[in-house]
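The values are calculated or read from the model by the stated rules, or taken from the named source; none is laboratory data. What you see is a predicted model; the values in this text were computed from it and never measured. Cβ coordinates were reconstructed from backbone atoms using ideal geometry, including for glycine residues, and neighbour counts include every protein chain displayed. These accessible areas exclude ligands, DNA and RNA; they are computed on the full protein's heavy atoms, side chains included. Shrake-Rupley method; radii C 1.70, N 1.55, O 1.52, S 1.80 Å.
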Amino acid sequence: MTTFRPAPAWLADAVFYQIYPQSFADSNGDGIGDFNGITERLGHLAWLGVNTVWLNPCFASPFLDAGYDISDYLTVAPRYGTNDDLAALVEAAGRRSIRVLLDLVAGHTSDQHPWFTASADDTDDDRYIWTDGTQPAPARFVASPGARPGAYLPNFFDSQPALNFGYARMNPAEPWRRPVDAEGPRANRAALRDIMDHWLGLGLAGFRVDMAASLVKDDADTSETSKIWTELRHWLDAAHPEAVLLSEWGDPVVSVPAGFHADFFLQFGGPTVGRPLRSLWNNRHGTDNDDWDPVDCFFDPGGKGSPRPFVEVWQDAAAAINGLGFAALPTANHDFARLNCGPRTPEQLPAAFAFQLTWPTLPAIYYGDEIGMRFVPGLPDTEGSVLGPRYNRAGSRTPMQWDATPGAGFSTAPPERFYLPLDPDPDRPTVAAQRRDDGSLLHLVRRLVALRTTTPEFGSAGAVAVLHDGHPFVYTRGGRYLVVINPQRATAAITLPEGISSSPRPRPVEVSGVHVDGRTITAEAFAYGVFDLSHFRPQSLRNDQGST
């Protein structure tokens, strides 16, 4: 196994907060969020207790895919401000002990990037993947927009040509394939180092890498793509040892040994990549794909799902990672539905956060989820948000609801308001209203974040032992804390095995609707409970090491 420098110590205690820049806070009244707006709202993040922010792409772009189509990696998009504004945001966040990560789109650029426009006119340029024009192009290739004959391979939308990192296998029927050590692939690997070096030198803490598994083509086991990230990790360890790389890969068993410090569980993809997260949150409303294998989610009011699919994949990942890095568990992100979507109601959300913030993954809170913002269905396509009849990402990208004032945090003046009319809605949760209510979801999330960051047993290195993997879901952390989660509307009760009892009763830390009496645990509808077992530590709970 490849040896890397240990992950920076700060990462083990990270609580991530993802910000979609155009939807978070508008400081200049143009209807689009910006860096200065984020800076002005850092107080909210510090109060909430998060310590690491991930910004979706903020580089120059024609925004045909919301900024994931980059035309200049070293200049920020004018809609967000200037490079100096970003630097000021990073400095201000640092004063509040908050690190900032950027989003690195490694596998493709915009078709308006100067690299691509030059390549479209030069038959000797292999920075992108081009056919030679002497035979019909395979499916998915797009006709050349320049003087160069042939067609190029896109990585996602047609406007996002794939950077050429080579092919894992040659094929005589496709003579345009290049090996991974060809001139173009080498230049692209060097460019990734240059881009990362530039932003890390300005104080950024690292990158979340978009479509990280997509680099080398015809790479079925991703072994050649993994080698690229291993090479980049060794460079990073030497040049920027405190910086981190997080991957959009969805398979920590592969991505972390390849060189990433952490990998996110994802909602899309097949059984290995997508099922674990879908088995927790996806109620098949909001964003969904008919090609995905159907799975009943655990956080379902009817009690159909089980925590087992997620726990089993997490156990495999933890065993494979074995101290090399981490798996990260998001509430949602810009590509899939929020927790609060479809028939799911606000009363179901506290149990979800109680689980997410007490499980030994790195938690990632998507902006607005801390107040229970809803996924909004049926919005018009905005900057490439619609991917299919059942996959409209705009509903997860609506403006942050700071208060109920019309246009709060966003202008109602032209250009048109971003993603959603901002008329006041008394039923819409807002930060201002929930700050005033100690019983709100926002205050609960704040308390759980504090518990997570101040209690070693709840950290990513704290041991976990599952006592019951049904309804309710019951586990211990570090042999000291008992956690009970019941995401269904029906009351659930279990009797713990012989030898596990509570006398005196464990001390409640954060509890709603859970009752512990000796070996009997009863959880009411949508209940959650965290209990301190300091005075109740039988042998069977002292030595939990992550087993079930």
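A few remarks follow.
- Gly37 vs. criteria open to solvent by 10 Å² or more (accessible area, probe 1.4 Å) and at pLDDT 95 or above: no
- Figure legend. Inter-residue proximity from segment 179-193: first residues closer than 13 Å to Leu215 by Cβ and without any contact (Cβ under 8 Å) to a residue 12 or more places away in the chain, second residues open to solvent by less than 10 Å² (accessible area, probe 1.4 Å) and not charged (D, E, K, R), beta-carbon distance below 6 Å, spacing 6+ or different chains. No pairs are indicated.
- Screening the candidates Val464, Val474 for the property of being in contact with a His (Cβ under 9 Å, 6 or more places away or on another chain), open to solvent by less than 10 Å² (accessible area, probe 1.4 Å) and hydrophobic (A, V, I, L, M, F, W, C) yields one hit, Val474.
- Within segment 169-194, restricting attention to residues that are surrounded by fewer than 19 Cβ atoms within 10 Å (Cβ to Cβ) and among the aliphatic types (A, V, I, L, M), the residue that is modelled with the lowest pLDDT is Ala173.
- Subset of segment 148-167 [of a type in the set (Gly, Ala, Ser) and touching a strand residue (DSSP E or B) at 6+ places or on another chain (Cβ under 7 Å)]: Gly150, Ala151, Ala162
- Matching residues, segment 130-153, being in a strand (DSSP E or B), among the small types (Gly, Ala, Ser) and either over 13 Å from Ser119 (Cβ atoms) or touching a Pro at 6+ places or on another chain (Cβ under 6 Å) (or both): Ala143
- Residue within segment 216-238 that is among the small types (Gly, Ala, Ser), touching a residue at least 12 places away in the same chain (Cβ under 8 Å), in a loop (DSSP other than H, G, I, E, B) and open to solvent by 10 Å² or more (accessible area, probe 1.4 Å) present: yes
- Members of segment 43-61 found to be in contact (Cβ under 8 Å) with a residue 60 or more places away in the chain and either part of a helix (DSSP H, G or I) or open to solvent by 20 Å² or more (accessible area, probe 1.4 Å) (or both), listed by number: His44, Trp47, Leu48, Gly49, Asn51
- Strands (runs of 3 or more DSSP E) wholly inside segment 294-400 containing at least 2 residues that are under 23 Å from Ser460 (Cβ atoms): 326-330, 362-366
- Residue under evaluation Ile494, criteria (1) part of a strand (DSSP E or B); (2) under 25 Å from Val50 (Cβ atoms); (3) open to solvent by less than 30 Å² (accessible area, probe 1.4 Å), criterion not met: (2)
- Subset of segment 128-161 (residues that are aliphatic (A, V, I, L, M) and either touching a Gly at 6+ places or on another chain (Cβ under 6 Å) or free of Cβ contacts under 8 Å to residues at least 24 places away in the same chain (or both)): Ala137, Ala139, Val142, Ala143, Ala151
- Just one of (1) modelled with pLDDT of 90 or more; (2) on the phi > 0 side of the Ramachandran plot fails for Gly378. It is (1).
- Residues of segment 217-259 that turn out to be touching a Pro at 6+ places or on another chain (Cβ under 8 Å) and not polar (S, T, N, Q), as a count: 4
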